[in-house]
Every structure is written in structure tokens, then in C-alpha cells.
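Engineer: I have a structure I would like to understand better, so I am pasting it below and will then ask my questions one at a time.
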Amino acid sequence: MNRGLALATLAAIPVLAWIFHQLGHLEGLRPLTAIAIGLGLYWTLIVGALWHCDGWSLRPYLPPGLTLLALTAFVAACALWAGTAPLQLSAHVSGAVALAALINGTLEEAFWRGALIPRPGPSAQAVATGLFILWHLAPALAMARLDAPGGGVGTILGAAVIAPFLMAARLSSGTAGAGAIAHVLVSFLVFARLAAANGIPV
């Protein structure tokens, strides 16, 4: 594990949580806009970290049979959960959602399952997974005014559910590439449902 990066992440999470909380309760700022601003800051920090770190790869090596099957089944379950939400969005909103999903999925996998654990031993896997779940407390704190399934708690639980699938893909394939593809798809479905549920269909 990259211990320096892990410590920096642990220090950054409460700061990000405070920022998301402030954004989420700022009068005059739409809830989804608040989330977008917070995510933009989060993605910027990840880019900065990746710029200074080695040990991560997004080469799309497929994981072996059972892991690939489980990952595919998980994405399919998310598609069922999202329902018709992606179809309710206009072309330009759908494009914005797809771009956000692409950025989120690729950066998160490069960081959480890549740079943070260049040599993913058991303890490194546990710490990286715990920090990944803990990070989701930050956007959860901005969801007070957002129509989101499960609210903030659902965000944290969702991270806890997806993390083992993504870590399994990382361990079995040797890179974060396959997990990034799945993460992008899941992010698109989640973001699309949030956009549709919060009155951004056009």
C-alpha cells in the first residue's frame, strides 16, 4: 500500500465531507449542482494524486470467468434498478451524465484500486476498501435536499456493495481496467437515475 497516499486520503475525507455538507445546504444552489461542484473538486484531487504516483494501470484485461460473470451480473442488476431513467433524459443531459460517469469511473478505479494499492496484499485491500467506503460519507452529506433512493445512507451502502466486485476484478486481472469499465457503467446508471428523479429530463 502507498502509505503516504493513504494518510493523505484519510486527512482529505473529513475536509471533503465538510465541503459537501456546506454545498448541500447552500441556499440558492440546486442540489445536483452542489454535488457536481463537490465531485469536481474530488476529481481534481485524484488527478493531482495520480500525477505524482506510479503503480496504477487501466489496461482493460478481463478477469477470469467467475469474476467476470459476477461483475457483469452486478452491472445488469444496476441497470434493472435504474429502470427507464436513462431514457427519460434529453441528448445533452444524457451526454453530460455520460461524461461525468466516464470521469468518475476511470479516476476512482485508477486511484482506489490502482495508485493506492500498487501491491494489493490483504491488509492493503482492506484499508483501500474501507477508505473508499468512508469517502462516500462526503457526497452523502450533500444529499439532504436531493431525491435519491436511500438518501445518504444508500450512497454509503452502495459503495460497500460495489467495492468487493471492483476489488475482485483488480486482483484477478492485475489492473484496474475491467473495474473501470464496470464502474463507468454503474456511475452512468446512478447519475442518470438521480438526474431523472430530480427534474433534469431536458
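Engineer: For the chain, take every pair of Cα atoms, bin their distances at 10 Å starting from 0, and report each bin as a whole percent.
Structural biologist: Once binned at 10 Å, the Cα pair distances of the chain give 9, 36, 38, 16, 2.
Engineer: Note the angle between two axes, namely the Cα long axis of helix 31-51 and the longest principal axis of the Cα atoms of the chain, as a number of degrees from 0 to 90, rounded to the nearest 10.
Structural biologist: 20
Engineer: Still on this structure, please answer the following. With every protein chain kept in place and ligands, DNA and RNA left out, what is the accessible area per residue of the chain? Probe 1.4 Å, answer in Å².
Structural biologist: On the way: 9680 Å² over 202 residues.
Result: 48 Å² of accessible area for each residue.
Engineer: With each pseudo-label sitting 7 Å past Cα toward Cβ, what's the Thr33-Val161 distance in nm, one decimal?
Structural biologist: Calculated label separation equals 3.1 nm.
Engineer: How large is the convex hull of the Cα atoms of region 128-192 per residue, expressed in Å³ as a whole number?
Structural biologist: In region 128-192, the Cα hull volume divided by residue count equals 75 Å³.
Engineer: Another question about this same structure. What percent does the relative contact order of the chain come to when contacts are Cα pairs within less than 8 Å and at least six residues apart?
Structural biologist: RCO, the chain: 39 percent.
Engineer: So what's the gap between the Cα centers of region 146-202 and region 51-110, to the nearest angstrom?
Structural biologist: Answer, in whole Å: 7.
Engineer: Using a Gaussian network for the chain with springs between C-alpha atoms less than 10 Å apart, which of these wobbles most: Pro149, Pro122, Pro14?
Structural biologist: Of the options given, Pro122 has the highest mean-square fluctuation.
Engineer: Can you run phi through the Karplus equation (6.51, -1.76, 1.60; θ = phi - 60°) for region 22-29 and list ³J(HN,Hα) in whole Hz, with x for Gly and Pro?
Structural biologist: Once θ is set to phi - 60°, the couplings for region 22-29 become 5, 5, x, 10, 7, 5, x, 9 Hz.
Engineer: Based solely on C-alpha atoms, express the radius of gyration and the Dmax of region 1-105 in angstrom.
Structural biologist: My reading of the Cα-based Rg and Dmax gives 17.4, 50 Å.
Engineer: Per DSSP helix of 4 or more residues, -39500 (n - 2.57); summed, then divided by the residues of the chain. What does that give at 222 nm, rounded to the nearest 500?
Structural biologist: Working: 8 runs with 143 residues, N = 202.
-24000 deg cm²/dmol, from helical runs alone.
Engineer: May I ask you to give the percent of accessible area on region 47-169 that is carbon plus sulfur, with a probe radius of 1.4 Å? Walk me through the intermediate numbers first.
Structural biologist: Details: 4390 of 5990 Å².
On region 47-169, the fraction of accessible area on carbon and sulfur atoms equals 73 percent.
Engineer: If you add up the charges near Ala34, with Lys and Arg at +1 and Asp and Glu at -1, over every other residue whose beta carbon is less than 14 angstrom from its beta carbon, what do you get?
Structural biologist: Details: positive: Arg30, Arg145; negative: Glu27, Asp147.
Once all neighbours under 14 Å are counted, the net charge is 0.
Engineer: If you line up the long axis of helix 177-197 against the longest principal axis of the chain, both from Cα atoms, how many degrees apart are they, to the nearest 10?
Structural biologist: The two axes meet at around 10 degrees.
The values are calculated or read from the model by the stated rules, or taken from the named source; none is laboratory data. This one's a predicted model, so the numbers in the text were calculated from it and none came from an experiment. Cβ coordinates were reconstructed from backbone atoms using ideal geometry, including for glycine residues, and neighbour counts include every protein chain displayed. Just so you know, the surface numbers come from the protein's heavy atoms only, side chains and all, with ligands and any DNA or RNA stripped out. Shrake-Rupley method; radii C 1.70, N 1.55, O 1.52, S 1.80 Å.
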